[in-house]
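Q: Here you go, one structure.
The values are calculated or read from the model by the stated rules, or taken from the named source; none is laboratory data. Not measured: the values here are computed from a predicted model. When we count neighbours, we look across all protein chains shown, and the Cβ atoms used for this are built from the backbone with ideal geometry, even at glycine.
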Amino acid sequence: MKSAFSRTFCVLAVVLLTALLVVGVSFQYLVRDYLTDRTLDKLKSTSDTVVSLAQSGFSDRHFSGRDFQIALTVASSVSDADAVICNSSGVLLMCADSPLGCEHTGMILDEKYLQKVLEENGHTHTGIIEGLYPDTRYVISTPVRSPETGNVLGVVIVSSPIDISAAMLKRISDIFLFVSLLVVLVSIVFMIIFVRRQSAPLRTMAQTARAFGHGDLTARVEVDSSHTEEIQDLALAFNNMASSLEKSEYRRQEFVANISHELKTPMTSIAGYIDGILDGTIPKEKQAHYLTLVSSETKRLNRLVRSMLDISRLQNQEAVPEDQKLRFDLCESLGLVLISFEQKINEKQLDVQVDMPDHPVFTLASQDAIHQVIYNLVDNAVKFCPQGEQITLDLREGSNKAYVSIGNRGQTIPPEELPLVFDRFHKIDKSRALNRDSWGLGLYIVKTILDSHGENISVTSRDGTTTFTFTLPLVN
């Protein structure tokens, strides 16, 4: 499996080598073309000079004067080119190689080549001059014409070995190759340093992720300002994810501990009562009483299971679908719930204060879910209201919201407990002992239902009065 370092290094190395190869080939072609053009320009200039000399040196198609031979040799030496002069028949008459004559004298040009030069009034090419030079050359052949008559007096052939340009091109290529290798080596060193530095935070994240996966929920990635923006974003995202998972794990452990605690007491009571009946510890005349207690504890467990199923259903449903929302009267729902608690209210001799508009107040929501919200809040108000005290139900209309408040007189909730009242299984210690029917799930279900509707709920508790207020949308 390739690492990020090796992948990045290979990509950068391939890009660099490809770039150098393209630059090298392009540079070589450009230099070769430049050298060719420069050499041909020099040969053309030399050819024009020699033609001018030859036009003045021809006399009845024969050269006269030793001074002309010397001038031809000097012109050839200055331009670093070889020059020969032939007559109109292609017979070589004079060569710049030596003022005293050379081995080329008397050689005859290829007839087809001679005709081509005369027809085109000059010819430039790269190749071998048959009968003169065995090596490949840059060649410019120009006919010499009489200034008076325009007749062909002869042909001037100026040439330069291509090996000279090739040697220069090879030298330039060697220099370029050396510089390229040096650039590659330096680039590799810098790439290794750069890529290792860039991949270091990724390796750190991998180590942190492995530690987190092995149970170290406090493992976090250090965010360094020297890292790139993408690395910093990744580190922050990882830390946020780790924090979220740590909280989820804490809640899971807390949930397991709470549910274990809540199940332990009724299960222990049920087992103890049944064992006492089976082994005869509980006399027959008291068995009916203890079986009633067993039935009560079983019903409590049943209510707990139903609450857990409700929570699971609500959590799987992030938002209430529009097709499940109905238009209904909040005043009617509050009245129905209040009537269902009539017996408990009378038993505790509670004073009920209701403040609602005389006209219907319509909202759009899941009617069954909102009924459960009102029921749970009224149930809490009745349950935690001392004998003979007061409970209140208020419904107010805002510009586009309905505000429902349900409260009671009784013990004030400590300020540090207020942010926790909507948590699962959270119960104030004193109320835990006094109310065995309370699981600490009612308010959590209320909060979950209202969240799924996109609404809010708040709680205040001061001077012995505790009030829960939630919102719902107003509709015509």
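Q: Select from the range 389-407 the residues that are within 47 Å of the chain's Cα centre (by Cα) and of a type outside the set (Phe, Trp, Tyr) and list them in ascending order.
A: Across the range 389-407, the qualifying residues are Gly398, Ser399, Asn400, Lys401, Ala402, Val404.
Q: Tell me, please, whether a residue that is outside any loop (DSSP other than H, G, I, E, B), in contact with a Leu (Cβ under 7 Å, 6 or more places away or on another chain) and at pLDDT 85 or above can be found in the range 436-443.
A: No.
Q: Among the residues of the range 90-106, is any surrounded by 14 or more Cβ atoms within 10 Å (Cβ to Cβ), at pLDDT below 85 and part of a helix (DSSP H, G or I)?
A: No, that holds for no residue.
Q: Condition first: farther than 19 Å from Phe9 by Cβ, modelled with pLDDT of 80 or more and among the aliphatic types (A, V, I, L, M). Now tell me which residues in the range 192-233 satisfy that.
A: Passing the criteria: Met205, Ala209, Ala211, Ala219, Val221.
Q: Right, here's the next one. Pairs only if they're at least six apart or on different chains, beta carbon under 9 angstrom, first in the range 165-188 and free of Cβ contacts under 8 Å to residues at least 40 places away in the same chain, second of a type in the set (D, E, K, R) and in a helix (DSSP H, G or I); list them, first residue then second.
A: Ala166/Arg32
Q: May I pose another question? Please work out which residue is surrounded by the most Cβ atoms within 10 Å (Cβ to Cβ), limiting yourself to the range 130-144 and to residues that are of a type outside the set (Ser, Thr, Tyr) and either touching a strand residue (DSSP E or B) at 6+ places or on another chain (Cβ under 6 Å) or at positive phi (or both).
A: Here the residue is Ile140.
Q: Of all residues in the range 461-476, count the ones that are in a strand (DSSP E or B) and closer than 10 Å to Thr412 by Cβ.
A: Selection size over the range 461-476: 4.
Q: If Ser3 passes every condition in (1) modelled with pLDDT of 80 or more; (2) under 30 Å from Leu202 (Cα atoms); (3) surrounded by fewer than 14 Cβ atoms within 10 Å (Cβ to Cβ) but one, which one does it miss?
A: For Ser3, the failing item is (1).
Q: While we're looking at this one, here's another question. Of Ala219, Ala271, Ala242, which residue is at negative phi and either touching a residue at least 40 places away in the same chain (Cβ under 8 Å) or not assigned by TED's automatic domain parsing to the domain that holds Ser295 (or both)?
A: Checking each option against the conditions leaves just Ala219.
Q: How many residues does the range 218-245 contain that are crowded, with 16+ Cβ neighbours inside 10 Å and more than 30 Å from Phe194 (Cα to Cα)?
A: Adding up the residues that qualify gives 0.
Q: For the range 400-411, which residues satisfy the criterion of being under 14 Å from Pro473 (Cβ atoms) and either free of Cβ contacts under 8 Å to residues at least 24 places away in the same chain or among the β-branched types (Val, Ile, Thr) (or both)?
A: The one that is under 14 Å from Pro473 (Cβ atoms) and either free of Cβ contacts under 8 Å to residues at least 24 places away in the same chain or among the β-branched types (Val, Ile, Thr) (or both): Val404.
Q: For the range 254-297, which residues satisfy the criterion of being of a type outside the set (A, V, I, L, M), within 60 Å of the chain's Cα centre (by Cα) and at pLDDT 85 or above?
A: Ser295
Q: Being at pLDDT 85 or above, closer than 25 Å to Gln324 by Cα, part of a strand (DSSP E or B) and not assigned by TED's automatic domain parsing to the domain that holds Ser260 narrows it down to one of Val378, Val373, Val446, Val404, so name that one.
A: Testing whether each residue is at pLDDT 85 or above, closer than 25 Å to Gln324 by Cα, part of a strand (DSSP E or B) and not assigned by TED's automatic domain parsing to the domain that holds Ser260 leaves just Val404.
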